[in-house]
1. Rounded to whole Hz and in sequence order, give me ³J(HN,Hα) for the range 45-51 from the Karplus expression 6.51 cos²θ - 1.76 cosθ + 1.60, θ = phi - 60°, writing x for Gly and Pro.
2. List, in order, the whole-Hz ³J(HN,Hα) value for each residue of the range 57-71 obtained from phi through the Karplus relation with A = 6.51, B = -1.76, C = 1.60 and θ = phi - 60°; use x for Gly and Pro.
3. Net charge around Ile466, counting only other residues with Cβ within less than 9 Å of its Cβ (Lys, Arg = +1; Asp, Glu = -1)?
4. Post the alpha-carbon centroid distance, the range 382-397 to the range 84-106, in whole angstrom.
5. Could you sort 345-354, 465-474, 324-333 so that the peptide with the highest average Cβ count within 10 Å comes first and the rest follow in order?
6. Figure the gain on full extension for Lys39 and Gln102 (residue separation times 0.36 nm, minus the Cα-Cα span) and round it to one decimal in nm.
7. Place a point 7 Å from the Cα of Asp51 along the Cα-to-Cβ direction; which residues of the range 94-110 have their backbone N under 17 Å from it?
8. What GluC sites (Glu not before Pro) in the range 318-417 are in a loop by DSSP, with at most 13 other Cβ atoms within 10 Å of the Cβ?
Amino acid sequence: MESRSVPPGPYRATKLWNEVTTSFRAGMPLRKHRQHFKKYGNCFTAGEAVDWLYELLRNNNNFGPEVTRQQTIQLLRKFLKNHVIEDIKGRWGSENLDDNNQLFRFPATSPLKTLPRRHPELRKNSIEYFPRDKDTIFKLRNLPRRTPKRQGLHFSQENTEKIKHEIINEDQENSINNRKISQEDVEEVWRYIILIYLQTILGVPSLEEVINPKQVIPQYVMYNMANTSKHGVVILQDKSDDLPHWVLSAMKCLANWPRSNDMSNPTYVGFERDVFRTIADYFLDLPEPLLTFEYYELFVNILGLLQPHLERVAISALQLCCLLLPPPNRRKLQLLMRMVSRMSQNVDMPKLHDAMGTRSLMIHTFSRCVLCCAEEVDLDELLAARLVSFLMDHHQEILQVPSYLQTAVEKHLDYLKKGHIKNPGDVLVAPLPTYSYCQQISTQEFDEQKVSTSQAAIAELLENIIKDKSLPLKEKRKKLKQFQKEYPIIYQKRFPTTESEAALFGDKPTIKQPMLILRKPKFRSLRY
């Protein structure tokens, strides 16, 4: 079943829950089952539910192929607890479900969760944070209600050229006294720039339901931008906020395994497992996740950009969001992602778990200490696993400092200083990063491309069959015969004559000899 795209917005985790439960109820096959000499209709076994839901989650863009079978079982247990399903006797409310032949059915009640209304005081604080007499960061100029993703990141460049032209003319006509820039102005510009960039990258008409402007602390952003090592890792001035020395040593040991610089470590059978368990215990005991509780809704919304054609957008959005983190959290996240990425790619790393591979173990172990909601959310584990998987693959880009942000702030402060803009949050004058999106085409062009692409893929499949040397000759003939029956036109293009087909197998084409036409002998009568 195809997954629907849940757009960014408030309570996205709840919307995803409703999407999954609706898809599960609509698509899960129901049939008759026999148990204890009784027949039950319109039901399914726990094992059948695990199989079906496992494939649904893996093919859903919101979760991806990193979903494990155990996570699927955990979700089904939450289904049972929340009365999405019930056992054959109508019991629910517990998490007593395993991958077996126990029978379950759907209840008559709706499993959908209602979206909570936002607290009026929080909404008031969010809206009234900036003065009403000027354009706020929540309503961008020239930004339509629904920003087309193909052009949502290009509009400011056109405005920039006009603004620059107007400013040059003003400078030529009269001189403007420079304005004194306060520290408060600098901080407000940083807040304004990062929020307006984030809103534009996400392509949403408003950020008020995703993040409160008060949650953006400019000092964190400025520190994370300025205090980095040559590898881009945050350097903390206060060492008491840093990772303990023994945790850093353990992480360094596994990240560089087996070429650890610290040769004083003892080695024994299972040593690497003990070291990994020590690291995991430290991160799992942290009081809050590395991405913090207050940014949970923000990162969950970015999870809906984690699709192949929006990969660059997701990387840029995560790059900005990770700058919002307190410097100690950002440093821990950087070091953790470097370690798990190296461990996952290290072919010399000993097996750390009897049932799981290294990559799956990294995601399963650290997902909850990276992203987690302050209140229990039913899809927390799956959403966190999806995000950690993406961070592992792109952590070098996501956790590096974006140079365009510093340039934008400097230009904005310069215009503010010269008086071209009166307030830190007036109009954005620095160009936004640009991305390449698919160009819109007509329906006819789409159909033509779809046919040509499909035919090219099928032709490639034919070539793979032909060039497969491990395939027995008899089996290859059988597959080619089947291919010829299914796709005769493509097969005819590849083998236009019988000679070309025969050359594949190294035999000569057989020419059937014409049958001899024998005349019936004439029988003479015995009578003379």
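1. With coefficients 6.51, -1.76 and 1.60, one gets 8, 4, x, 5, 5, 5, 4 Hz.
2. 5, 5, 8, 8, 4, 6, 10, x, x, 6, 5, 9, 5, 5, 5
3. That sum, taken over residues with Cβ under 9 Å, equals +1.
4. The two parts, judged by their Cα centres, are 33 Å apart.
5. 324-333, 345-354, 465-474
6. 21.3 nm
7. 98-105
8. In loop regions of the range 318-417 (DSSP not H, G, I, E or B), the sparsely surrounded GluC sites (Glu not before Pro) are Glu375, Glu376.
Rule-based calculations on the coordinates, nothing more; no lab input. In this text the structure is predicted, and so the values were computed from the model without any measurement. No Cβ is skipped: glycine too gets one built from the backbone with ideal geometry, and neighbour counts run over all protein chains shown.
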